[in-house]
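Coordinate-derived values only; no laboratory data. Everything numeric here is computed off the predicted structure, so don't read it as measured data. Here the Cβ positions follow ideal geometry from the backbone for every residue, glycine too, while neighbour counts run over all protein chains shown.
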Amino acid sequence: MDDKAMLMIPGPTPVPERALTALGKHPIGHRTGEFSALIGEVNAGLQWLHQTKNDVLTLAASGTGAMEAGIINFLSAGDRVLVGSNGKFGDRWVQVAQAYGLNVEVIDAEWGKPLDPEAFRAALEADTNKEIAAVILTHSETSTGVLNDLGAIVAHIKAHSKALSIVDAVTSLGAYDLKVDELGLDVVGSGSQKGYMIPPGLGFVAVSNKAWDAYERATLPRFYFDLGKYRKTAAKNSTPFTPPINLYFALHAALQMMQDEGLEAIFARHDRLKRATRAAVKAMGLPLFGADECASPAITAVAPATVKAEDVRARMNKKFDIALAGGQDHLKGQIFRIGHLGFVADRDVLTAIGALESVLVELGHDGATPGAGIAAAAAVFKAS
């Protein structure tokens, strides 16, 4: 049936009708008082969502662009940096840092396992000359569904005193209670097509005062992604370059929806969806990729043993118009990923689980009683 497609991937995520309606409005001039007032409200909403009093700057970019900006504005060629890598996106930040001539030391973990905070502690404590300029890491590793222990790692960064924390929060911002100021995070990047519930096209960078001090010393080349320009214009409720006006309309509407729901309720919903999805997958006799203790609130990765992951994805899409994400790099064909991020409700998880049970029966999976997944998810929702 046409127009029944359902996104259950970690991005882009479903877009609420209120945001879609705002997206379809006629554009207005980006140098008008009307648009300036909207920017002011959006910037206040972004600070609320990030739980920060510091700058949250908006770029016409994806989450990768936000993270690249977060790296190049505060560092200089040859700077020593630690980069945590336990998945596709950790690997990406290694590549970005190397592309800009940074002296990269990788702290890695097996895909599906969390980064070890002790490895960061050891490296930072050994740096008695305070040569490490930054630690770059991913909070929610989208490729594997693993949530890294950001609090523990950042505590070690703060004890070092000089190093900046540069955090990929692309699939945790808006899904997890990420208290940017309380944790003392310096640079936090995210993207619009995730927890923000709008289409791709906007990137966000939260910046601390400590990071702005580093900005004054940094010498890596920058122009369009020069965050100093964005900071100056943001103070005047403006932008340095032409912004995607209609995405701002959608963001304004989405932030209003999020404020209506409230931070506590947003984070509780994502935690509930995570627990229900994982309970259902276990009840269906499918192995999870990653332990419960480090499970991301945004995405659940499944490593089926009795059926092929790509067969599951293909059947879900063809028969039910439900999109699931696949594995990346060496995990391609080994796992599939169920997104429960952004504009996703209990009903969506129940729908996806019911469809998945049907597909598993068709593919010959006999590891569970049909209906067990729905029952397990329903039990979590009843208890929450």
Whole-number value, in Å³ per residue, for the convex hull of the alpha carbons of the range 263-383 is 102 Å³
Summed over the other residues with a beta carbon less than 11 angstrom from that of Ser143, with K and R at +1 and D and E at -1, the charge totals +1
Rounded to the nearest 10 degrees, the helix 245-261 long axis (Cα) sits at an angle to the longest Cα principal axis of the chain of 70 degrees
Rounded to one decimal in nm, the spacing of the 7 Å Cα→Cβ label points at Ala126 and Ala291 is 2.4 nm
With Cα coordinates, the longest principal axis of the chain makes an angle with the long axis of helix 346-362, in degrees rounded to 10, of 50 degrees
Inverse of <1/r> over all distinct C-alpha pairs of the range 1-59, i.e. the Kirkwood Rh in Å, gives 14.4 Å
Taking the dipole of the range 263-383 about the Cα centre (Lys, Arg +1; Asp, Glu -1; charges at Cβ), the one of Leu288, Thr369, Leu341 that reaches farthest to the positive side is Leu341
Length gained if Asn317 through Lys236 is fully extended, taking 0.36 nm per residue and subtracting the Cα-Cα distance, is 24.5 nm
Counting lysine pairs in the range 263-383 that sit 8 or more positions apart or on different chains, with Cα atoms under 16 Å apart, gives 4
From the Cα centre of the range 174-208 to that of the range 44-82, the distance in Å is 9 Å
Here the net charge surrounding Pro10, from other residues whose Cβ is less than 10 Å away from its Cβ (Lys, Arg +1; Asp, Glu -1), is +2
Inverse of <1/r> over all distinct C-alpha pairs of the range 54-122, i.e. the Kirkwood Rh in Å, gives 13.1 Å
So the angle from the long Cα axis of helix 150-160 to the longest Cα principal axis of the chain, reported in degrees to the nearest 10, equals 20 degrees
Expressed in angstrom and rounded, the centroid-to-centroid distance over alpha carbons for the range 351-374 and the range 137-173 is 36 Å
Only helices counted: for the chain, with every DSSP H run of 4 or more residues adding -39500 (n - 2.57) and the sum spread over all residues, [θ] at 222 nm is -13500 deg cm²/dmol
Working note, the range 25-68: Cα radius of gyration (Å, one decimal) and Dmax (Å, whole number) are 12.4, 32
